[in-house]
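**Student:** Structure in structure tokens, see below.
Every number here is computed from the coordinates shown, using simple stated rules; none is lab data. Everything quoted here is computed from the prediction, not taken from an experiment. Backbone-built Cβ (ideal geometry, glycine too); neighbour counts: all protein chains shown.
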Amino acid sequence: MKFKFLLILFWSLSSTLHATDVFVQIQRGEKVTLGVSHFLSKTGSSSEETLKNDLEQTVLEDILFSQIFSITQEGPSAESYKIDFPSWGKSGADLLIQATVRLKEDKTKVEQSKLELIASVFEVSTTQPIFQKLYRSNPKNARRIAHEFVADLLYKLTGSPGVSKSKITFSNDSSGPKEIYIADYDGRNPKQITFDRKIALLPNWSPDGKEIIYTTYRRNNPDLYLFSLEKGTSHPFSTRSGVNLAASFSPNGNDIVATLSHEGFPNLYLLNTDGKVSRRLTQGRFADTSANFSPDGRKIVFISDRSGTPQIYLMDSDGSNVVRVTESGYCDSPTWSPKGDKIAYSQGTEEGKHNIILQDLATGERFKITEGVGNNENPSFSPDGRFLIFSSDRNIKKELFVASIDGKVHRKLLEFSGNSLTPDWGP
């Protein structure tokens with residue numbers, strides 16, 4: 001938990017859509033049924049068959065994750081690339097996905113092999129195509145083109161690309177000390193990106209998804225480092241004496257808010273992209289941390305113990321107009337919804353049990369995303385605002401879970417070794 005971590009640290013340191021009616025139905029909240037015909041293999045080679053099955057499964061998982069559509073596969077497969085639309089209509093399908101996979105293998109230079117996914121979506125009642133596109137990739141990145149197809153499909157039908165192309169970052173201790181990892185939104189393809197061999201945690205994405213800022217002990221002090229995904233390297237960002245931690249980017253990427261204690265107590269500072277302090281935002285004999293910008297960049301939400309217990313506060317991005325938001329419990333790790341109308345945070349009791357809370361900023365209404373299932377901490381919204389990722393010890397060790405914002409669906413990400421914590425959902 002960020003706030004506990006900070007206090008321990010401080011005190012230990014003094015194309016146009018044709019089927020418009022489909023879009024309207026989805027907007028009304030009615031589930032459209034997608035028929036997914038088994039993908040076709042162009043050549044039938046064993047390698048192509050394996051990739052075809054992987055692509056089909058990934059597309060199905062991405063669509064199901066969106067919770068927008070019902071799915072049926074109870075119609076006939078295309079024969080000679082002819083689709084039996086009446087049979088698919090009888091199975092209840094409103095739309096039909098038909099895709100063909102082709103692998104152009106270069107057995108002398110495997111890295112030069114090419115994978116193609118030719119995907120089409122038809123309106124079953126009219127047999128007319130509403131979406132068609134060719135995707136190309138190296139076979140090693142097969143999942144990427146499946147994610148791209150689903151994102152394009154969702155955008156065509158709903159106006160939002162969903163989350164299939166998004167990434168997550170988190171801290172994990174499977175290699176010993178906590179290190180920073182990235183993975184696909186569903187937890188697949190995890191990759192360790194730091195090798196500091198010291199505690200590294202609290203990663204936060206830049207708005208363009210090209211950098212991650214995090215706190216590391218690689219120099220035996222809690223310092224801020226920036227990791228470049230393009231270069232695959234990290235460099236110091238803030239290594240001032242005392243704590244440098246819990247940093248997050250402004251929406252335009254030009255500013256970073258972080259907790260620093262080089263001038264005494266751990267307060268909030270605004271830094272530019274070179275790591276230079278441009279403004280001190282809070283001043284006092286208390287600890288302020290876990291700061292995040294609102295989506296429009298005008299507000300900052302943060303945690304402070306100025307009232308005696310850690311509570312959530314809002315202020316303007318220049319440090320003015322501080323307003324207390326919560327009144328009870330032990331609050332931590334607030335995060336804004338993409339629309340800026342809600343915040344999510346963890347709230348604990350005196351017994352130490354923490355739940356994820358979703359709060360409407362206009363009405364003050366609070367809703368528990370989790371309850372009675374271990375400690376749940378460090379929430380982060382998905383890019384479309386429909387899901388939250390967080391860490392939970394409901395199965396003893398800390399693991400990453402995703403929940404819908406109505407709290408009805410909880411899903412553990414794929415099994416990782418060790419403990420996973422402090423996740424951030426990126427673009």
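**Student:** Relative to 2.2 N^0.38 Å, what does the C-alpha radius of gyration of the range 110-224 come to as a ratio? Two decimals please.
**Tutor:** My calculation over the Cα atoms of the range 110-224 gives 1.43.
**Student:** Now for a separate question. Please sort 394-401, 254-261 by packing, taking for each peptide the average over its residues of neighbouring beta carbons within 10 angstrom, highest first.
**Tutor:** 254-261, 394-401
**Student:** If you take every residue apart from PHE265 with its C-beta less than 15 Å away from the C-beta of PHE265, what net charge results, scoring Lys and Arg +1 and Asp and Glu -1?
**Tutor:** Within the 15 Å Cβ shell, the charges total +1.
**Student:** Dipole of the chain (Lys/Arg Cβ +1, Asp/Glu Cβ -1, origin at the Cα centre): which of LEU40, THR233, ALA142 lies farthest to the positive side?
**Tutor:** THR233
**Student:** In debye, nearest 20: dipole of the range 159-243 around its Cα centre with unit charges on the Cβ of K, R (+) and D, E (-)?
**Tutor:** 180 debye
**Student:** Students often get this wrong, so check it: of LYS31/LYS165; LYS299/LYS353; LYS191/LYS276; LYS31/LYS299; LYS339/LYS397; LYS299/LYS397, which have C-alpha atoms separated by over 25 Å?
**Tutor:** LYS299/LYS353; LYS191/LYS276; LYS31/LYS299; LYS339/LYS397; LYS299/LYS397
**Student:** Another question, then. Based solely on its DSSP helices, what 222 nm [θ] is calculated for the chain when runs of n ≥ 4 H residues each add -39,500 (n - 2.57) and the sum is averaged over all residues, nearest 500 deg cm²/dmol?
**Tutor:** That calculation yields -4500 deg cm²/dmol at 222 nm.
**Student:** May I ask for log10 I(q)/I(0) of the range 321-375 at q = 0.13, 0.19, 0.31 Å⁻¹, from a Debye sum over the Cα atoms as equal point scatterers with solvent left out?
**Tutor:** Taken in order of the listed q values, log10 I(q)/I(0) reads -0.32, -0.66, -1.38.
**Student:** Oh, and also: Given ILE180, GLN132, ILE63, which one lies farthest toward the positive end of the charge dipole of the range 42-200, if we put +1 on the Cβ of every Lys and Arg and -1 on the Cβ of every Asp and Glu?
**Tutor:** So the residue furthest toward the plus end is ILE180.
**Student:** May I pose another question? Cross-link partners among aspartates and glutamates for LYS156, C-alpha distance below 17 Å, same-chain residues fewer than 8 apart left out?
**Tutor:** Correct list for LYS156: ASP21, GLU30, ASP62, ASP94, GLU123, GLU148, ASP384.
**Student:** What number does the chain give for Rg over Rh if you use C-alpha atoms and the Kirkwood radius?
**Tutor:** Taking Rg over the Kirkwood Rh, I get 1.02.
**Student:** Another question about this same structure. What number do you get for the range 55-190 when its Cα radius of gyration is normalised by 2.2 N^0.38 Å, N = residues?
**Tutor:** Taking the Cα Rg and dividing by 2.2 N^0.38 Å, one obtains 1.24.
**Student:** Take the residue pairs LYS140/LYS210; LYS52/LYS90; LYS167/LYS412 and return only those whose Cα atoms are more than 23 Å apart.
**Tutor:** Pairs exceeding 23 Å: LYS52/LYS90.
**Student:** Quick one: P(r) of the range 81-148 from all Cα-Cα pairs, 5 Å bins, percents rounded to integers, in order of increasing distance.
**Tutor:** Reading upward from the zero bin: 4, 16, 22, 16, 14, 12, 8, 5, 3, 0.
**Student:** Just to be sure I understand the model, the point goes 7 Å from the Cα along the line to the Cβ. What's the resulting ARG136 to VAL322 distance in nm?
**Tutor:** Between ARG136 and VAL322, the simple spin-label model gives 5.7 nm.
**Student:** Here's another thing I want to ask about it. In whole Å, what three semi-axes, largest first, describe the equivalent ellipsoid of the range 301-427 built from its Cα gyration tensor (square root of 5 times each eigenvalue)?
**Tutor:** Values for the range 301-427, descending: 24, 17, 13 Å.
**Student:** In whole percent, what relative contact order does the range 166-425 give with Cα contacts below 8 Å and a gap of six or more residues?
**Tutor:** Relative contact order comes out at 12 percent.
**Student:** Something else: If you place +1 on the Cβ of every Lys and Arg and -1 on the Cβ of every Asp and Glu, how big does the dipole about the Cα centre of the chain come out, in debye to the nearest 20?
**Tutor:** 820 debye
**Student:** Of ASN189, HIS354, PRO266, which is farthest towards the positive pole of the range 166-425's charge dipole, taken about the Cα centre with +1 and -1 on the beta-carbons of Lys, Arg and Asp, Glu respectively?
**Tutor:** The one lying farthest along the dipole's positive direction is ASN189.
**Student:** What aspartates and glutamates sit close enough to LYS198 to cross-link, taking a C-alpha to C-alpha distance under 15 Å and skipping anything fewer than 8 places away on the same chain?
**Tutor:** ASP173, GLU179, ASP223
**Student:** For LYS353 and SER404 in one chain, what is 0.36 nm times their gap in residues minus the Cα-Cα distance, to one decimal in nm?
**Tutor:** Full-extension gain reported as 16.3 nm.
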